[in-house]
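The values are calculated or read from the model by the stated rules, or taken from the named source; none is laboratory data. Please read these numbers as outputs of a predicted model, since none were measured by experiment. Note that we place each Cβ from the backbone using ideal geometry, even for glycine, and neighbour counts take in every protein chain shown.
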2 protein chains.
Amino acid sequence: MKSKTTMKSIAEELGVSVSTVSKALKDNPRISKETRKKIQAFSKLLNYQPDARAINLRKNISKVIGVVIPEITNHFFTTVIKGIDYMTKKRGYQVMICLSNESYIEEVKNIKLLTSGSVDGLLISISSGTQKKGNYDHLFNIKNNQLPMVLFDRTEDFIACDMVKADDIGGAYNATKTLIESGCKRIALINFKPYINIGKERRMGYCMALDEYGIKENNSLIFEVDEEKDLFKQIEKVFNLNPLPDAIFAVKEDFAAIAIKLALKKGLKIPEDISLISFVNGLISEYSSPSITAVIQHGYNMGKMAAELLIDRIENKTSKKPYETKVIATRLKHRDSTKKVN
Amino acid sequence: MKSKTTMKSIAEELGVSVSTVSKALKDNPRISKETRKKIQAFSKLLNYQPDARAINLRKNISKVIGVVIPEITNHFFTTVIKGIDYMTKKRGYQVMICLSNESYIEEVKNIKLLTSGSVDGLLISISSGTQKKGNYDHLFNIKNNQLPMVLFDRTEDFIACDMVKADDIGGAYNATKTLIESGCKRIALINFKPYINIGKERRMGYCMALDEYGIKENNSLIFEVDEEKDLFKQIEKVFNLNPLPDAIFAVKEDFAAIAIKLALKKGLKIPEDISLISFVNGLISEYSSPSITAVIQHGYNMGKMAAELLIDRIENKTSKKPYETKVIATRLKHRDSTKKVN
DNA sequence: GACTTGTGCGAAATCGTTTTCCCGTTAATA
DNA sequence: TATTAACGGGAAAACGATTTCGCACAAGTC
């Protein structure tokens, strides 16, 4: 059981002091070239790895960023993570990922853990549990601790910090507009429960488009589903309408996929009888039959930008730059669930 | 700019020594009850958070586990992460996740970073880049550093450590057998490139089933596709066979989804003209039309077990328990891409 | 009264670095 | 011959906790 090689052990072997080793390893010119070379070579030989904990303690940094996300089995969030990973690697940071599993309690716990001196900053996407509960004290506490943080995707405007969000309003507006221009008039909206922020915004975009074309908003066409209950049952209600809607706009891919299965079962033709557009977060829309016309969110960019904002804050703690909110544009990908328009 | 509250600051405020504070906060009976209460109350008031770096440095632990995965935009791996998250939370650890993006170089870098005293152990799934290159020195180094590690899913048998893998052979055997028993005789295999370990094993299972039913292995029915090139073009070759195969067994969901699209385009009926089974790692098989009969891997369990094995090693460093390899059974989920058999 | 035991707390070492200040040599300059 | 300056390196404090001793005092035991 050979013991760990530390600066101390190297110093002893070589008959120099610890401070000399430290300086030599960072090529400090105050140490002669020979001594430096000797120490560096010896360290390499012993495969010396500096102890990150000691360095961080001394420098009062950690070069680690904490990430709190509600759900990881979600293609959108994983693309965000990839973007975060790209930027943090580029800037020399590591990531500690915590899952809140959409739960308020877990989110609070995660943040407590992460703020125990082990991270330099936080990247957070708020869980639905927290939004439902409406208690944001744990997030305000981060500010009190003077830890930089950036909210992404699931944000709350009244928290004073940098944010990166998708253009939910614009995406919904475009989707709805596209449906209208292809001739649809009774457009059902399958939305989240109203306490989910992005749901509110997507509904806004939907209404804006209707307004613009003089279509009156119709509450019986708006379905707010609870993701913790049976989705099939809830979405089936859309097809009990009389008359049927001529289009569906779903705020989440799963909702759309289920709507398609139900529509096909009812013998409806897509897109002839009913068109469909969905916000997407995964691959289902691409591989489902028919494939689904989709509002695509650029998770990778979102992750990259959020990480960049955060690291900028971390590294310029003094600068009192005002907080920014970056909005990432969405893109509409035409597939087979909508009619072709020229 | 109020400064961080530490034990020292608490001690000064209260006129006691740092060691008293330390003991009081862990309810050490050597400190009187009054003093303890007083210190605890005061600490809570100041919202004292112990500095994890200092504790870890002193105790020579970190309560952090490093995870290295090849790809995160992959439903299977995210379910594994969920399992890891569950178990690590339960046992009081945090997770540091690094993405190798299937690259040998990045994998080496990640491991170097993680082993700089910042983790107590490693959970690794080997990247395809590494398997292609065939250089495992970075993994052997971990052993030299006496850091516990567990390999999961993408494993290599000649590395002496604990492992958790899916029953790739059994899963492939069952899938193939099911196809044979439903009457198929010309079963095409869409496989990875041969340097991917799980590909080898799935092929073994496929061959075993053929053997058992006296069907001769036919190399022209085996397609090894390169994921870095155009999948459609590569998979299209399956449908250039003459005569056509009466079944396809795909080792990855994406391959199967593409095969379905191509088959439908050729006017083939599924499963009447051609049956299809696939190993799955995502949601495509469920939502595709027709839905795909699938070999399901239990990622969540795999993550849980891998984390448990690792933490057991970490916490019983002395015990010289021999290394284990756990195999997680797969399950065949019958859907619409295969014929019903009674 | 001497001795043990228990109680309550503090001093100091320790973990592995970084960093500031200081000291001794040698060579260059006045 | 002093005086500086440059050079090369070391001692020690610091980061924030834990932990082992040891000390002082009081109470109980023989």
Exactly one of B:Lys37, B:Lys8, B:Lys23 is within 13 Å of DNA strand C (Cβ to nearest atom) and surrounded by 17 or more Cβ atoms within 10 Å (Cβ to Cβ), and that one is B:Lys23
Restricting the stretch A:41-54 to residues that are more than 13 Å from A:Thr5 (Cβ to Cβ) and crowded, with 16+ Cβ neighbours inside 10 Å, the one nearest to DNA strand D (Cβ to nearest atom) turns out to be A:Ala54
Is it fair to say A:Glu217 is in contact with a Cys (Cβ under 6 Å, 6 or more places away or on another chain) and not small (Gly, Ala, Ser)? yes
Looking across the stretch A:127-155 at residues that are under 13 Å from the mean Cα position of the chain (by Cα) and charged (D, E, K, R), the single one that is farthest from A:Asp167 (Cα to Cα) is A:Arg154
Counting only residues that are polar (S, T, N, Q), at pLDDT 95 or above and under 18 Å from A:Gly199 (Cβ atoms), the stretch A:260-284 contains a total of 1
Cβ pairs under 6 Å, 6+ apart or interchain, first in the stretch B:127-155 and over 24 Å from B:Glu228 (Cβ atoms) and touching a residue at least 60 places away in the same chain (Cβ under 8 Å), second of a type in the set (Val, Ile, Thr) and assigned to a helix (DSSP H, G or I), ordered by first then second residue, are B:Pro148/B:Ile314; B:Met149/B:Ile142
Within the stretch B:183-217, residues hydroxyl-bearing (Ser, Thr, Tyr) and modelled with pLDDT of 95 or more come out as B:Tyr206, B:Tyr213
The condition of being within 14 Å of DNA strand C (Cβ to nearest atom), at pLDDT below 95, touching a Leu at 6+ places or on another chain (Cβ under 9 Å) and not assigned by TED's automatic domain parsing to the domain that holds A:Ser128 holds, among A:Leu57, A:Leu46, only for A:Leu57
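Here's the yes/no breakdown for (1) more than 11 Å from chain A (Cβ to nearest Cβ); (2) free of Cβ contacts under 8 Å to residues at least 60 places away in the same chain; (3) under 30 Å from A:Glu71 (Cβ atoms):
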residue	(1), (2), (3)
B:Thr6	no, yes, no
B:Ser9	yes, yes, no
B:Arg53	no, yes, yes
B:Asn60	no, yes, no
B:Ile69	no, yes, yes
B:Thr78	no, no, yes
B:Met87	yes, no, yes
B:Leu99	no, yes, yes
Reported set for the stretch A:176-205 where residues are more than 24 Å from the chain's Cα centre (by Cα), surrounded by fewer than 18 Cβ atoms within 10 Å (Cβ to Cβ) and over 19 Å from A:Lys216 (Cβ atoms) is A:Ser182
Note on the stretch B:111-126: residues of a type outside the set (Lys, Arg) and either more than 19 Å from the chain's Cα centre (by Cα) or assigned by TED's automatic domain parsing to the domain that holds B:Asn197 (or both) are B:Leu113, B:Thr115, B:Ser116, B:Gly117, B:Ser118
Is there a residue being within 21 Å of A:Ala172 (Cβ to Cβ) and either assigned to a loop (DSSP other than H, G, I, E, B) or among the hydrophobic types (A, V, I, L, M, F, W, C) (or both) anywhere in the stretch A:315-328? yes
Checked against (1) free of Cβ contacts under 8 Å to residues at least 60 places away in the same chain; (2) under 27 Å from B:Lys132 (Cα atoms); (3) away from DNA strand C (no atom under 16 Å from the Cβ); (4) not acidic (Asp, Glu), B:Gln94 satisfies every condition except (2)
If we scan the stretch A:79-94, do we find a residue that is small (Gly, Ala, Ser), out of contact with any helix residue (DSSP H, G or I) (no Cβ under 6 Å at 6 or more places or on another chain) and away from DNA strand D (no atom under 16 Å from the Cβ)? yes
Open item on the list: Taking the conditions exactly as written (at pLDDT below 95 and under 28 Å from the mean Cα position of the chain (by Cα)), does B:Tyr287 satisfy them or not?
Closed with: yes
(request) Within the stretch B:20-36, identify whether any single residue is at pLDDT 90 or above, in contact with a strand residue (DSSP E or B) (Cβ under 8 Å, 6 or more places away or on another chain) and more than 10 Å from chain A (Cβ to nearest Cβ), and answer yes or no. (result) no
When every residue in the stretch A:11-20 that is surrounded by fewer than 16 Cβ atoms within 10 Å (Cβ to Cβ) and in a helix (DSSP H, G or I) is compared, the one nearest to DNA strand D (Cβ to nearest atom) is A:Ser19
So the strands (runs of 3 or more DSSP E) completely within the stretch A:174-275 holding 1 or more residues that are among the aromatic types (Phe, Trp, Tyr) are A:222-224, A:247-250
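So that you can scan it fast, the table gives a plain yes or no per residue for (1) more than 12 Å from chain B (Cβ to nearest Cβ); (2) modelled with pLDDT of 90 or more; (3) surrounded by fewer than 23 Cβ atoms within 10 Å (Cβ to Cβ):
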{"position": "A:Ile105", "(1), (2), (3)": "no, yes, yes"}
{"position": "A:Thr115", "(1), (2), (3)": "no, no, yes"}
{"position": "A:Ser127", "(1), (2), (3)": "yes, yes, no"}
{"position": "A:Thr130", "(1), (2), (3)": "yes, yes, no"}
{"position": "A:Gly134", "(1), (2), (3)": "yes, yes, yes"}
{"position": "A:Asp137", "(1), (2), (3)": "no, yes, yes"}
{"position": "A:Ile142", "(1), (2), (3)": "no, no, yes"}
{"position": "A:Leu147", "(1), (2), (3)": "no, no, yes"}
{"position": "A:Val150", "(1), (2), (3)": "yes, yes, no"}
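Yes/no matrix, rows are residues, columns are (1) at pLDDT below 95; (2) surrounded by fewer than 21 Cβ atoms within 10 Å (Cβ to Cβ); (3) of a type in the set (Gly, Ala, Ser):
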position: A:Phe77; (1), (2), (3): no, no, no
position: A:Ser118; (1), (2), (3): yes, no, yes
position: A:Ile159; (1), (2), (3): yes, yes, no
position: A:Asn174; (1), (2), (3): no, yes, no
